[in-house]
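Each remark here refers to the structure printed beneath this line.
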Amino acid sequence: SYKRVIPDLGAPREKRFVRIKINYFKCETCGNSFSPKHPDFPPKLEYTPSIITHVLDSYYQFNSSGNKIALELKQKHKVDVPVDTIYTWIKKYSKDYLESINEDKTILNPESIKTITIDGTFISAGKDVIGKKKPVVSLSVSKARNGTYLLRLSEKKY
């Protein structure tokens, strides 16, 4: 067996690591070595899933840039993550992350809703969507008396 040490998200101003003992086995027939795969810590994982989730939360929930996220991780949690790695995680894990936070909700009596407002950010659809965020004040849908719907988008101008 051998041990792996992976940086984890600790309390602010505290450096924390996860120590994992990896058992491996040698086949008596062919002589190859193998180890069972850990579901939470796959081979070559350099940071814990909590750090990756924190990065995605910061990016999508707080509209933070990769540089700002890297600086926050270093200052608050004493974890050094290269900015390129942060953007790689955003590209690789965004689909699963967004699906996990956007659960379908059933609305009872939807006909009673007069206006819906959604606050957040819009990500442009250029070649590389990473880092091309535009702040959005609100998106609202209103139902008129005649049954038609009005979609209104208010955007901050700089």
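The values are calculated or read from the model by the stated rules, or taken from the named source; none is laboratory data. What you see is a predicted model; the values in this text were computed from it and never measured. Neighbour counts run over all protein chains shown; Cβ positions are idealised from the backbone, glycine included. Heads up: the accessible areas ignore ligands, DNA and RNA and are worked out on the full protein's heavy atoms, side chains in. Shrake-Rupley method; radii C 1.70, N 1.55, O 1.52, S 1.80 Å.
What ranking of Ser65, Ser1 comes out by heavy-atom accessible area, probe 1.4 Å, highest first?
My answer, sorted largest first, is Ser1, Ser65.
Report the gain in length on full extension from Ser1 to Thr53: 0.36 nm times residue separation, minus Cα-Cα distance, nm rounded to one decimal.
Here the segment from Ser1 to Thr53 would lengthen by 15.8 nm.
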Q. Amide H of Asp8: which non-local residues (sequence gap of 5 or more, or other chain) have their own amide H closer than 5 Å, using H built in the peptide plane?
A. Arg16, Phe17, Val18
Q: Work through the residues other than Glu46 whose Cβ is under 12 Å from its Cβ and net out their charges, Lys, Arg +1 and Asp, Glu -1.
A: 0
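Given 0.36 nm per residue, what is the gain on full extension from Lys44 to Lys15 after removing their alpha carbon distance, in nm? Write out the running numbers ahead of the final one.
Numbers: separation 29, 0.36 × 29 = 10.44 nm, distance 2.06 nm.
Gain on stretching Lys44 to Lys15: 8.4 nm.
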Q) Going by average Cβ neighbours within 10 Å, how do the peptides 48-56, 18-26, 70-78, 2-10 rank, with the highest at the top? A) 48-56, 70-78, 2-10, 18-26
**Q.** Summed residue charge, Cβ within 13 Å of Lys21's Cβ, Lys/Arg positive, Asp/Glu negative
**A.** +3
